[in-house]
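Chemist: I have a structure here, written as structure tokens, and I will follow up with some questions on it.
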């Protein structure tokens, strides 16, 4: 079974592929800028992503391994990204 979750809900150690990219912001101009940044970081459909760290307060920021590159983002910045979990992660 394929499981798709919002990347903002992923827990440390979960990994998979980016299923969909959508920037969610109140201001359309901010949403465009955020989407551009996410794409520049390599968060494109099909990219391999692993959650490798969550901050101690409110689980923020998150550190992701995106195709071998580590990036840190605030959890609300990745709330529009969907992640298709690997088979091993769906059983956990």
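Any read-out appearing in this document is the output of simple, stated calculations on the displayed coordinates, not a laboratory observation. What you see is a predicted model, and the numbers here were worked out from it, not measured in a lab. Here the Cβ positions follow ideal geometry from the backbone for every residue, glycine too, while neighbour counts run over all protein chains shown.
Chemist: Under a plain spin-label model, where a point goes 7 Å from the Cα along Cα-to-Cβ, how far apart in nm are residue 27 and residue 39?
Modeler: 2.0 nm
Chemist: Where does helix 28-40 land angle-wise versus the long Cα axis of the chain, in degrees 0 to 90, nearest 10?
Modeler: In the chain, helix 28-40 runs at an angle near 50 degrees to the longest axis.
Chemist: Simple spin-label model, 7 Å along Cα-to-Cβ: residue 63 to residue 17 in nm?
Modeler: 2.7 nm
Chemist: A further question on this structure: For n ≥ 4 DSSP H runs only, could you compute -39500 (n - 2.57) per run for the chain, divide by its residues and tell me the 222 nm figure to the nearest 500? Mind dumping the intermediate values first?
Modeler: Values: 2 runs with 17 residues, N = 92.
Counting only the DSSP helices, I get -5000 deg cm²/dmol.
Chemist: Still on this structure: When each pair of different Cα atoms in segment 4-90 is counted once in the 1/r mean, what is the Kirkwood radius in angstroms, to one decimal? Mind dumping the intermediate values first?
Modeler: Values: mean 1/r = 0.0786 Å⁻¹.
Final number for the Kirkwood radius of segment 4-90 is 12.7 Å.
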